[in-house]
1. Can you tell me which residue in region 36-55 is surrounded by the most Cβ atoms within 10 Å (Cβ to Cβ), limited to those that are closer than 19 Å to Y6 by Cβ and not polar (S, T, N, Q)?
2. Sort out which residues of region 56-101 are buried (at least 16 other Cβ atoms within 10 Å of the Cβ), assigned to a helix (DSSP H, G or I) and of a type in the set (G, A, S), and write them in order of number.
3. Only residues that are out of contact with any His (no Cβ under 9 Å at 6 or more places or on another chain) and part of a strand (DSSP E or B): list them for region 1-55, please.
4. Tell me which residues, restricted to region 5-50, are small (G, A, S) and either touching a Pro at 6+ places or on another chain (Cβ under 8 Å) or more than 29 Å from A156 (Cβ to Cβ) (or both).
5. Only residues that are under 14 Å from the mean Cα position of the chain (by Cα) and of a type in the set (D, E): list them for region 28-83, please.
6. With E172, E234, E215 as the choices, which residue is of a type in the set (D, E, K, R) and in contact with a strand residue (DSSP E or B) (Cβ under 8 Å, 6 or more places away or on another chain)?
7. I'd like to check something: does region 179-189 contain any residue that is charged (D, E, K, R), under 26 Å from G139 (Cα atoms), within 15 Å of the chain's Cα centre (by Cα) and modelled with pLDDT of 95 or more?
8. What are the residues in region 142-162 that are among the acidic types (D, E) and more than 22 Å from the chain's Cα centre (by Cα), if any?
Amino acid sequence: MSDKIYTRQEFLGLSFDPIDIDSARRAVVSRAGGERFSYVVTPNVDHIVGLDRSQDPLLLAAYEGAALCLCDSRILARLAALADIRLPIVPGSDLTRDLLGYALPHGRIAVIGGDPLLHAALEQIYPRFEWLFHAPPMGLRRNADARTAVGDFVVASEADVILFAVGAPQSELLCAEIAARGGARGVALCIGASLEFLTGAKRRAPRWMQRASLEWLFRLLSEPRRLWRRYLVEGPRIFAIWQRWRTARASRDLSGSTPSAGA
């Protein structure tokens with residue numbers, strides 16, 4: 001999908017690609033196996049809150065450097081709609097499911113993250129792919145040697161598709177580092193817990209809860225000890241971030257200035 005027929009849409013400081021899941025799927029397939037490394041990010045509320053809290057220019061650059069930046073949140077899409085912005089929802093888990101389920105006919109897939117049980121399950125469920133795995137240590141973001149090892153693995157794998165399952169913002173920062181160093185190929189996706197949903201290691205919210213923007217509640221009830229702070233303390237900050245962005249946007253409109261991505 002090299003020739004875009006749309007303009008990226010700035011929202012909450014990021015430049016989103018306003019395309020639906022069918023277009024996103026075709027774009028990823030077209031990049032699979034490409035000789036130039038590219039990557040896809042799927043920001044949700046947690047990502048936006050983390051980006052706002054950190055004010056890290058390297059993290060912002062990682063999102064902005066993605067070949068595709070897709071909205072993975074019904075809450076974000078609804079907040080965008082209140083500002084007359086259309087952001088199609090492209091859940092990263094659905095995109096990963098479709099790619100492995102039928103969109104990618106074959107190829108070499110590298111996975112960063114997961115454990116031996118997850119790796120074995122992927123090989124069993126999707127035997128038409130050639131799988132390669134790398135399980136980095138915890139604390140990846142602050143471990144330069146471990147990040148270098150991930151980059152070395154990605155380059156050596158010569159994979160068509162690379163799935164980063166080490167969480168945000170580690171996945172996005174790693175992809176940006178690999179793109180900057182050169183030598184890698186294929187397309188990478190920052191996929192969060194998608195593989196755990198596909199292999200049954202974790203349950204995903206029922207469709208009705210997803211449609212009602214309640215997937216966060218299902219996950220909170222499933223893993224309260226791990227996720228209570230994310231959803232009950234950090235998550236609600238999105239409304240203050242949105243209000244601040246809307247106020248700044250109105251000021252820019254009144255002054256006649258053109259907003260820039262990341263503003």
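The values are calculated or read from the model by the stated rules, or taken from the named source; none is laboratory data. Since the model is a prediction, treat every value here as computed from it, not as a measurement. Counting neighbours? That spans all protein chains shown, and the Cβs are built from the backbone with ideal geometry, glycine included.
1. To start, the set of residues in region 36-55 that are closer than 19 Å to Y6 by Cβ comprises 38, 40-43.
Keeping just the survivors that are not polar (S, T, N, Q) gives 40-41, 43.
Values: V40: 24, V41: 29, P43: 25.
The selected residue is V41.
2. Within region 56-101, A62, A77, A80, G92, S93 qualify.
3. Matches in region 1-55: Q9, E10, F11, S15, F16, S38, Y39, V40.
4. In the first step, residues of region 5-50 are kept if they are small (G, A, S); the result is 13, 15, 23-24, 27, 30, 32-34, 38, 50.
Within region 5-50, G13, S15, S23, G50 qualify.
5. D46, E64, D72
6. Among E172, E234, E215, only E172 is of a type in the set (D, E, K, R) and in contact with a strand residue (DSSP E or B) (Cβ under 8 Å, 6 or more places away or on another chain).
7. Start the filter on region 179-189 by keeping residues that are charged (D, E, K, R), which leaves 181, 185.
Filter once more, so that each one left must be under 26 Å from G139 (Cα atoms): 181, 185.
So of that shortlist, the ones also within 15 Å of the chain's Cα centre (by Cα) come out as none.
So far as region 179-189 goes, no, none of its residues is charged (D, E, K, R), under 26 Å from G139 (Cα atoms), within 15 Å of the chain's Cα centre (by Cα) and modelled with pLDDT of 95 or more.
8. D145
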